[in-house]
Amino acid sequence: MLNYQGTVIRPPSEANSLILQVTLGCSDNSCIFCPAYKDKKFKIKSIEEIERDIKTAYQYYPDIRKIFLADGDALIIPQKDLLIILNKILETFPAVIRISMYASVKSIELKTVEELKQLQSKKMSLVYVGFETGDKDVYQLIRKYGSPQKNVESILKLKQAGIKSNVTIILGLGGQRFSFQHAKNTADILNRSQPEQIAALTLMVAGNTPLYNMCKLKQFRLLKDFDVLKELKILLENLQDFKCLFFANHASNYIPISARFPKERQNLISMLNKIIINCNKKALKKDFARGL
Ligand code: SF4
């Protein structure tokens, strides 16, 4: 078996990929809403450990086509080592067509466009980046490294290197106070960066996070179900017509959505409008059925 340590998280769209754990935890780990890697201190696994896992994985999945490098921020691995890992993967699994990973603003900042191009030539063609919000106030509130502007720059840099991006945003992250500006300014940074894929999650508050305590102290007020839909509608109305895949099919979302933009954007807005106007509770997933 592969040497997975602790909880291993992957994006929903990597369900059929081989998950190869090359780092432990998250290099930032400061976001107040995120329960993901609170049990782990960030570490890059040794090349020997990773090569052992690649060898083991070959026995089970010799023809695998997609590989996801976990945990958080695999792109922060020094270029020389990352190239060794990618070369080993390509040598072991000749059928591989895509290698993907989570990356942070920091790790994208640390790589030059030339280095990113080098990685792209080794089939590293998709990177998942957490924008979370495009609003400065909300960004400050969640205490994440970077800024909305830096997020835009990081996606443009990936584009220059020919690497596609999947950007995560979180509905409800501004709470009741910042809902409108969160939606509007998130649409704005998506317009400016134009990622190939957008994944919208809906905020769920986990017990082991600072945000949980803020909710208990009423310093943060969560959005109700229909308010989340209204926020999504504002975001979609403010998106420009650029080509991308839009997903809101994570377990946390009230309505599962998977759409091609710009073609399906207006239909989606009309659908949301109808549900909101009719207060159609039946169209929504029940809160107990949502999950992280
Ligand atoms: S949201 Fe992403 S960057 Fe922030 S702590 Fe969680 S895994 Fe790390």
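Computed from the coordinates by the stated procedures, all read-outs in this text should not be read as laboratory data. The model shown is predicted, which means the values in this text are computed figures rather than measured ones. Reconstructed Cβ throughout: ideal geometry from the backbone, glycine too, with neighbour counts over all protein chains shown.
Worth pointing out:
- Beta bridges from DSSP with both residues in the chain: antiparallel share about 20 percent, rounded to the nearest 5.
- Spatially, the range 218-292 and the range 82-96 are offset by 39 Å when compared through their Cα centroids.
- Shape category assigned to the range 143-292 from the gyration tensor of Cα positions, a/c cut at 1.5: oblate
- For trypsin sites (Lys or Arg not before Pro), the sites in the range 23-81 that DSSP calls loop and that have at most 10 other Cβ atoms within 10 Å are Lys41.
- Reachable aspartates and glutamates, given that their alpha-carbon falls under 17 Å from the alpha-carbon of Lys282 and they are not under 8 places away in the same chain: Asp225, Asp227
- Links that overshoot a 27 Å alpha carbon limit, given the list Lys157/Lys224; Lys38/Lys216; Lys184/Lys281; Lys40/Lys159; Lys122/Lys233; Lys122/Lys159: Lys157/Lys224; Lys40/Lys159; Lys122/Lys233
- Crossing angle, helix 47-60 versus the chain [Cα axis fit, 0-90 degrees, rounded to tens]: 80
- Helix 225-237 vs. the chain, principal-axis angle (Cα, 0 to 90°, nearest 10): 70
- For the chain, cysteines whose Cβ has no other cysteine Cβ within reach (under 4.7 Å): Cys26, Cys215, Cys244, Cys279
- Set of aspartates and glutamates with alpha-carbon distance to Lys88 below 16 Å, sequence-local pairs under 8 removed: Glu48, Glu49, Glu51, Asp53, Asp63
- Of all DSSP beta bridges in the range 143-292, antiparallel share, percent nearest 5: 35
- When the P(r) is computed for the chain, the part past 24 Å accounts for 51% of the Cα-Cα pairs.
- Between Lys224 and Gln59, the FRET efficiency from the beta-carbon distance, with R0 = 51 Å, is close to 0.55.
- Reduced Cα scattering model of the range 76-143, Debye log10 I(q)/I(0), q = 0.19, 0.20 Å⁻¹: -0.78, -0.84
- Computed from Cα atoms, the angle from the helix 265-277 axis to the main principal axis of the chain rounds to 40 degrees.
- Karplus-derived 3J(HN,Hα) values for the range 136-147, using 6.51 cos²θ - 1.76 cosθ + 1.60 with θ = phi - 60°, are 4, 5, 5, 4, 5, 4, 7, 6, 8, 5, x, 6 Hz; glycine and proline are entered as x.
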